[in-house]
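To start, the structure itself, in structure tokens.
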Amino acid sequence: MKIDRQPEGPLSMDIVSLDIPDVKLITPRRFGDNRGFFSETWNRAAFAEAGIEADFVQDNHSLSVQAGTVRGLHFQAPPHAQAKLVRCGRGRLFDVAVDIRRGSPTFGQWFGVELSFDNGRQMLVPEGFLHGFVTREPDTEIVYKCSDYYAPECDGAVRFDDPDLGIDWGLGGLAPVLSDKDARAPAFAAFRSPFA
């Protein structure tokens with residue numbers, strides 16, 4: 001991992017490049033006192049300084065009641081492809097991004113990281129990636145920004161536990177809690193990526 005931007009000044013964040021290009025791990029600084037803390041989770045200038053150009057247009061917030069809830073692996077195809085800036089508002093989750101850009105040297109590879117209310121980390125999932133997560137605690141909330149609006153005609157999914165991807169979700173024998181859509185998602189081998 002390579003640190004792209006170190007904390008500078010009162011409202012800054014660590015932005016770290018990962019093994020898959022364009023996926024970033026972002027840790028905003030927290031400023032605490034006896035009341036709690038303050039943290040700036042998105043700053044266009046700070047991201048631009050780190051070479052990240054993103055124009056977010058929609059914020060999403062979801063609650064998963066049970067530990068072991070899996071949501072994903074999802075994508076939104078062009079012309080409404082979405083980059084996402086993901087963080088955990090409460091609880092703890094394991095967040096995953098999978099490169100589905102045809103011709104990419106990391107096509108089919110994944111990266112996962114624990115995001116929690118306590119660690120304050122965020123993951124930037126660019127366009128051209130599958131995204132999913134599993135909750136590690138009950139009543140876990142995920143909050144994320146999207147670079148395009150939801151377009152149901154462009155919505156797609158790939159099976160979360162596909163052996164070709166080999167993602168270790170860390171379920172430890174716990175049966176995943178899935179939506180009908182995610183339970184019916186196609187295998188990665190049958191998937192034709194819309195991303196070049």
Once the other residues with Cβ under 12 Å from the Cβ of Arg44 are scored (Lys, Arg +1; Asp, Glu -1), what is the net sum? -3
Connecting every pair of Cα atoms under 10 Å apart in the chain and solving the GNM, the largest mean-square fluctuation among Phe31, Phe47, Phe133 falls on Phe31
Under 15 Å from Lys84, Cα to Cα: aspartates and glutamates that are on another chain or at least 8 residues apart: Asp22, Glu53, Asp55, Asp59, Asp95, Asp99, Glu127, Asp148, Asp155
Between the range 42-88 and the range 134-196, what's the alpha-carbon centroid distance in Å? 14 Å
Just to confirm a number: summing +1 for Lys and Arg and -1 for Asp and Glu over residues other than Leu178 whose beta-carbon lies under 11 angstrom from that of Leu178, what do you get? +1
The chain: relative contact order in percent, alpha carbon pairs under 8 Å with at least 6 residues between: 26 percent
In 5 Å bins starting at 0, how do the alpha-carbon pair distances of the range 119-176 split up by percent? 4, 10, 20, 25, 21, 16, 4, 0
Kindly rank 120-131, 137-148, 58-69 from highest to lowest mean number of other beta carbons found within 10 Å of each residue. 120-131, 137-148, 58-69
Please work out how much length the chain gains when fully extended from Glu40 to Arg90, using 0.36 nm per residue of separation minus the C-alpha to C-alpha distance, in nm with one decimal. 16.3 nm
As I understand it, the dipole of the range 1-136 uses +1 on the Cβ of Lys and Arg and -1 on the Cβ of Asp and Glu, about the Cα centre. Which of Leu18, Ser64, Pro79 lies farthest toward its positive end? Ser64
Please get the size of the charge dipole for the range 101-155, origin at its Cα centre, with Cβ charges of +1 on Lys and Arg and -1 on Asp and Glu, quoted in debye to the nearest 20. 340 debye
For the range 108-116, in order, what is each residue's ³J(HN,Hα) by Karplus, 6.51 cos²θ - 1.76 cosθ + 1.60 with θ = phi - 60°, in whole Hz (x at glycine and Pro)? x, 8, 10, 9, x, 8, 7, 10, 8
Filter the trypsin sites (Lys or Arg not before Pro) in the range 42-110 down to the DSSP loop ones having no more than 12 other Cβ atoms within 10 Å, then list what survives. Arg102
For the chain, with only Lys/Arg (+1) and Asp/Glu (-1) charged at the beta-carbon, what is the dipole magnitude about the Cα centre, in debye rounded to 20? 100 debye
Which option, (i) 17.2; (ii) 16.8; (iii) 24.0, is the value of Kirkwood radius over Cα pairs in Å that was calculated from these coordinates? (i)
Only loop residues by DSSP count here, and only those with at most 13 other Cβ atoms within 10 Å; note down the trypsin sites (Lys or Arg not before Pro) in the range 148-196 that meet that. Arg184, Arg192
Which residues' amide hydrogens lie under 5 Å from the amide hydrogen of Ala67, considering only partners 5 or more residues apart or on another chain, with H built in the peptide plane? Asp139
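Starting from the range 46-116, pick out the GluC sites (Glu not before Pro) whose DSSP state is loop and whose Cβ has at most 12 other Cβ atoms within 10 Å.
Taking the range 46-116 and a limit of 12 other Cβ atoms within 10 Å, the loop GluC sites (Glu not before Pro) found are Glu53.
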Percent breakdown of C-alpha pair distances by 10 Å bin, ordered from the shortest bin, for the range 1-116: 11, 38, 39, 12, 1, 0
What is the range 32-90 by shape, rounded, prolate or oblate, if you read a ≥ b ≥ c off the alpha carbon gyration tensor as root eigenvalues and call it rounded for a/c under 1.5, prolate for a/b larger than b/c, and oblate otherwise? oblate
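Only the coordinates and a few stated rules stand behind these numbers; no lab work does. A quick note: this is a predicted structure, and the numbers were derived from the prediction, not measured. For neighbour counting, all protein chains shown are included, and Cβ atoms are generated from backbone atoms with ideal geometry for every residue, glycine included.
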